[in-house]
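Peer 1: Okay, handing you the structure first.
The values are calculated or read from the model by the stated rules, or taken from the named source; none is laboratory data. What you are looking at is a predicted structure, and each value in this text was computed from that prediction instead of being measured. As a convention, Cβ positions derive from the backbone with ideal geometry for all residues, glycine included, and neighbour counts pool all protein chains shown. What goes into the accessible areas is simple: the full protein's heavy atoms, side chains included, and nothing from ligands, DNA or RNA. Shrake-Rupley method; radii C 1.70, N 1.55, O 1.52, S 1.80 Å.
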Amino acid sequence: LWRGETVDDEELGLAGASLGPLGIDAPPAIVGGKSEAAMAVAARAADGWNANESDPDAYARLARRMDELCAEAGRRVTRTVQFFDRALGPDVRERLARFEEAGATTVTFVLSEDTGSEPVRRLAQAVL
């Protein structure tokens, strides 16, 4: 659909489904995971790779492996690290800098509390 094609899929109940002429690029495909298989798929076919990792040293090891897999595939991917709010601590800014040094291009903060503004306030105080 994102390529502007018409899709028929009986199982999904789609007949002639189309988004029409979009005039925009398709969203990036991001593959998440720390397993060798998931990382290999990301290196071969995705626009980006995402890992849920709160330890910058462990992320650095994964990032080095992703470098190897991307080199084998002859391509590069963006890198995102997921960081859960329960992993925030007094050293969060230092850890974020270490993720950047390890090659993370984006950090996604995942708030485990889904109500109210308090989790957002705590996150902002910790990282800004």
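Peer 1: Would you mind telling me which residue in Ala17, Ala46, Ala73 has the biggest mean-square fluctuation in a Gaussian network model of the chain, where springs connect alpha carbons within a distance under 10 angstrom?
Peer 2: Sorting by GNM fluctuation, first place goes to Ala17.
Peer 1: Considering Cα pairs under 8 angstrom that are at least six residues apart, work out the relative contact order of the chain and quote it in whole percent.
Peer 2: Normalised by residue count, the contact order of the chain is 18 percent.
Peer 1: Write down the Å³ per residue value for the convex hull defined by the alpha carbon atoms of the range 1-65.
Peer 2: Given the Cα convex hull of the range 1-65, per-residue volume reads 128 Å³.
Peer 1: Moving to a separate point now. Can you give the local net charge around Arg79? Use residues other than it whose beta-carbon is closer than 15 angstrom to its beta-carbon, Lys and Arg +1, Asp and Glu -1.
Peer 2: +1
Peer 1: Pick from Pro28, Pro90, Pro56 the residue whose mean-square fluctuation is largest in a GNM of the chain, springs joining Cα atoms under 10 Å.
Peer 2: Among Pro28, Pro90, Pro56, the largest mean-square fluctuation in the Gaussian network model of the chain belongs to Pro90.
Peer 1: Match the structure shown to one of the listed values (1) 32, 22, 12; (2) 28, 16, 12; (3) 47, 13, 10 of semi-axes √(5λ) of the Cα gyration tensor in Å, computed from it, and give that label.
Peer 2: (1)
Peer 1: Then there's this: Can you give the calculated 222 nm mean residue ellipticity of the chain, where each DSSP H run of n ≥ 4 adds -39,500 (n - 2.57) and the sum is split over every residue, rounded to the nearest 500 deg cm²/dmol?
Peer 2: Result for the chain: -11500 deg cm²/dmol, rounded to the nearest 500.
Peer 1: Run the 1.4 Å probe and let me know the accessible area of Val31, rounded to the nearest 10 Å².
Peer 2: Surface accessible to solvent at Val31 totals approximately 40 Å².
Peer 1: Need one value: the accessible area of Arg98 in square angstrom, 1.4 angstrom probe, rounded to the nearest 10.
Peer 2: Arg98 has an accessible surface of roughly 70 Å² with all protein chains in place.
Peer 1: Largest first, how would Leu1, Leu12 line up by accessible area (1.4 Å probe)?
Peer 2: Putting Leu1, Leu12 in descending order of accessible area: Leu12, Leu1.
Peer 1: Among bridges DSSP assigns within the chain, what percent are antiparallel (round to 5)?
Peer 2: 15
Peer 1: Between Val107 and Ala45, with labels modelled 7 Å along Cα→Cβ, what's the label distance in nm to one decimal, could you check?
Peer 2: About 3.2 nm separates the two model spin labels.
Peer 1: Leaving out ligands, DNA and RNA, and with a 1.4 Å probe, what % of the accessible surface on the chain is carbon or sulfur?
Peer 2: 51
Peer 1: Between the alpha-carbon centers of the range 33-65 and the range 1-31, tell me the distance in whole angstrom.
Peer 2: Spelled out, the Cα-based centre of one part sits 28 Å from the other.
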